[in-house]
Amino acid sequence: MSDPERPDPDELLASIRAGEERSRRGKLKIYLGMCPGVGKTYAMLQAGHARQAAGVKVLVGVVEHHGRVETLALLENLPLQPRQRLSYRDVQMEEMDLDGILAAHPNIVLVDELAHTNVPGSRHPKRCQDVLELLDAGINVYSTLNVQHIESRVDLVRQITGAPVHETVPDSILDQADEIELVDLTPEQLLKRLADGKVYLGDRAAAATQNFFKEGNLVALREMALRYTAETVDRKLRGLQHATQIGGPARAGERLLVAVGPSPSSATLIRWTRRVAAASNASWIAVYVDPTQALGETAKNSVQKNLALARELGAEVILTTGENIPETLLRTARQHKVTQIVVGKPARHSVLDFLRGGSLVDQLIRTSGDIDIYIVRNENKAGSIPIKVEPQPIPWAEYAWTFGTIGVLTVIGWFIVGVAGYDTVSLIYLLAVVLLALRFRRGPVVAAACLSALCWDIFFIPPIFTFSVSQLEDGLMLAMFIVVAVIMGSVTSRLREREAAERRRENKTTAVNQLLKSLASATSIDVALAAAAKQIDALFSVQTSFLLPNDDNTFTTYPNPFGLSENEEAVASWAYQNGKPAGRFTNTLGQAEQTFVPLQTAGHTIGVMALRPLQAQSLELDEMEMLLTFSTQIAVSIEQENLATLAHQSKILAESERLRKTLLDSVSHELKTPLAAISSAAEMAMQPGISPISRDAALSEIGLGAQRLTRVVNNLLDMTRIESGLLQPHKEWGELRELLDSALEHLETRLAQHKVQIELAPDTPMVRLDFPLIEQCLANLLTNAALYTPAHTRIILSAVVRPTASGNELILRVEDDGPGLDMADPDHVFRKFYRGAGVPSGGLGLGMSIVRGLVEAHGGKITVQSAPTTGTRFRIALPVEIQSHLQD
């Protein structure tokens, strides 16, 4: 049973993550006023002086003093960051130096006029975006703002004052503010300041008093500022209560949905929904239903602008497709647990709305069920220009085919009407309209329906060559023909449009699946990114590159169809460091030639995707969504490859560490044992009065220890030569009998207690080998046989040369009658530092590894077979040249 007082783990985790994020970011404090002149900048500078007096590093980023004496006096003794000079249309202008502030990295930076629009060519189009970058860098910011510039209040301000507001700050930025301090004056005090010249100077003050600074406007703006501050405090209080009572009883929250389209009234709906959601502490989403017909460039840009506004104000943006907009909105609302839908009030009711079952609002109200519908009138009447959907090019070819088809059928009908009757001609016309609808768009089809009805009336319905209809049934039939033809043509065209929309969705799904398939089948990051770039280029008419960071803060490009200039690389670096899109068609460094999209997974940026458009127009909405999906999948693929590489490297490091430890343990043991014996024997030999027999025994012990040390060192050197690739066989002609005898001669003492048997045919030819190296192989194998087999058992050493398809092959075998090996993993015998169980001490376990390395250096292969009853058999196969006898 769950404890109702127990905190929700998900909420706890989200709270912890939010706290960590806040601790890394700088703090934002906003001085909010009802309008210019209330003293926001003055209050901010006073706070800057107080913080500087407390020992905090304060820097003035930008302050607009407007010639006010009090403001200029407060600027003294505060460090000021020089402004950056930019050229725009051959005019030198100044803006806040963002890079200079980031380099200075003060504790607090003072940034006046948060809603200011930067000069074109700046990194960001808005000063509030500069502030966000400062906050991301961990710098605290004090800034100023008038209530009229808050995005969600723009429509209300326009309605109150009649003046348009051109510079705004998204509410989402104000939501990030840690403190909002209201700087308040009464309208009477502000008007007195204006009259005293403390707000504007000269004629500008008189013009302000007659226009914006009317007492009624100031009262309304003051109320708006007070109300907004109160709402902010209330939201923070509710958030604090919720944070301290995470385990309390759950309460059902409101969730709003606003329908977004290309109309300028959508911006009003978005701002209205934001205000209502903020006041009720509710979440909200903005939904755009993509119609089956393609939008013109103007309408598409308007939709993108409205969706960008919704994102800035904190909405979750959802793009979906559907022919029936009310049905699609309701389906989306129920999927996302929406309680209220916000739509605009229709300007007028058209006949087409009546035929469709009512306007959008009517259909939503009729079918919404338990979802409330808010109908908001358009407050943006002053200065608003209706969006005209950009007309599509007229399909003249389709109209020509339509008119030609109807003309041909009219001629055919003229010849058959006497036999088939004019009713049959009408059916032929109707069939033609249906067939044309399967191929052509709605306009030509409707034109075909009207033209065929007109031709039928003029040329076939008595009296012919007139528009009149003599019989009632002919008139009814003509009317029904027009209606049926138009409806069938429209329905068929609609089905074609729906099919086209489904085909676009299918193409999107297929494109994503193909991308995933190519990424999954790629053998390396280079191959995966080349395949992804090729697919993206074909889909979006762009040139694609992927920029992955290096340790020295540069990028490696995969693939590299075009280079990056210094400025472009700076834009890419910004997108990578901030995890946000930048460059062309974005709000950051939009003058760049390319668009840079960060490759992110779970909040971690692992690279940047660079897109160079091959056409001037921006991407479609669904194309942009697909592109973001692609970037996420590519980022996941790169991260998986990086994780696999790290896992492989970790495995190699672990194996290296194991080998290092084994080597140290083995070498230390193998060196200490003979050194201890040599040291002990040397002390004994140096003792005075020792007998000759004892001295000889001590010297013999010293010699054995030296031999053991020599063998250990030689094995290590041989292994090093083999692994470094420096070992190159020096082949010479020789007899195999000499090779076998020499190997046994050097091991005479070690093999004294075994029965060694040599098997070699008397007519064996001479071979060309590196005899010392092969002798070392045989010596190691014979030593291994002597160590692992009981005394007085048999050891067989054999050699045979036999022809093969590619030449001749030498087969060397070393066989014993010992207990055999564990053959569960035969390859383990040749691993470094491997020693079998029960073997006497001595040796590093490198002998078999050295044998394999020497054999493979000759281009040969060594294998092992073993069984408990038949012993062990090592087989060496070497490609050799043979010579039957020496040439004089």
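For S452, the conditions (1) in a loop (DSSP other than H, G, I, E, B); (2) open to solvent by less than 20 Å² (accessible area, probe 1.4 Å); (3) of a type in the set (S, T, N, Q) are fulfilled apart from (1).
Taken over segment 87-115, the criterion of being open to solvent by less than 30 Å² (accessible area, probe 1.4 Å) and either within 20 Å of L145 (Cα to Cα) or modelled with pLDDT under 90 (or both) is satisfied by E95, M96, L98, I108, V109, L110, V111, D112, L114, A115.
Comparison of E167, E151, E133 shows that the only residue that is open to solvent by 30 Å² or more (accessible area, probe 1.4 Å) and in contact (Cβ under 8 Å) with a residue 12 or more places away in the chain is E167. Within segment 149-157, identify whether any single residue is closer than 22 Å to A315 by Cβ and assigned to a loop (DSSP other than H, G, I, E, B), and answer yes or no. Within segment 149-157 (the criterion being closer than 22 Å to A315 by Cβ and assigned to a loop (DSSP other than H, G, I, E, B)), the answer is no, since none of the residues qualifies. Would you mind stating whether P444 is more than 30 Å from A635 (Cβ to Cβ), modelled with pLDDT of 80 or more and not in a helix (DSSP H, G or I)? So P444 fails the test. Checking the structure you have, find out if any residue of segment 547-567 is open to solvent by less than 50 Å² (accessible area, probe 1.4 Å) and within 27 Å of R127 (Cβ to Cβ). No, segment 547-567 contains no residue that is open to solvent by less than 50 Å² (accessible area, probe 1.4 Å) and within 27 Å of R127 (Cβ to Cβ). Examine segment 526-535 for a residue that is open to solvent by less than 50 Å² (accessible area, probe 1.4 Å) and under 30 Å from C455 (Cβ atoms), and state whether such a residue exists. No, because not a single residue in segment 526-535 is open to solvent by less than 50 Å² (accessible area, probe 1.4 Å) and under 30 Å from C455 (Cβ atoms). Summed over segment 816-869, the residues that are among the small types (G, A, S), open to solvent by less than 30 Å² (accessible area, probe 1.4 Å), at pLDDT 65 or above and part of a loop (DSSP other than H, G, I, E, B) give a count of 3. Return a yes/no flag: does segment 871-882 have any residue that is open to solvent by 50 Å² or more (accessible area, probe 1.4 Å) and modelled with pLDDT under 85. No: segment 871-882 contains no residue that is open to solvent by 50 Å² or more (accessible area, probe 1.4 Å) and modelled with pLDDT under 85. The residue pairs whose first member lies in segment 528-551 and is without any contact (Cβ under 8 Å) to a residue 12 or more places away in the chain, whose second member is open to solvent by 10 Å² or more (accessible area, probe 1.4 Å) and of a type in the set (S, T, N, Q), and whose beta carbons are closer than 8 Å, counting only pairs six or more residues apart or on different chains, are D537/Q543; N550/T556.
The set of residues in segment 760-782 being over 18 Å from P879 (Cα atoms) and open to solvent by 80 Å² or more (accessible area, probe 1.4 Å) consists of P762, D763.
When A785 is tested against (1) outside any strand (DSSP E or B); (2) farther than 19 Å from E738 by Cα; (3) open to solvent by 30 Å² or more (accessible area, probe 1.4 Å), exactly one condition is not met: (3). Only one entry in L45, L32 is modelled with pLDDT under 95, among the hydrophobic types (A, V, I, L, M, F, W, C) and under 40 Å from the mean Cα position of the chain (by Cα), namely L32.
The values are calculated or read from the model by the stated rules, or taken from the named source; none is laboratory data. These figures come from a predicted structure and were not determined experimentally. Virtual Cβ from ideal backbone geometry, glycine too; neighbours counted across all protein chains shown. These area figures cover heavy atoms from the full protein model, side chains too; ligands, DNA and RNA do not enter into them. Shrake-Rupley method; radii C 1.70, N 1.55, O 1.52, S 1.80 Å.
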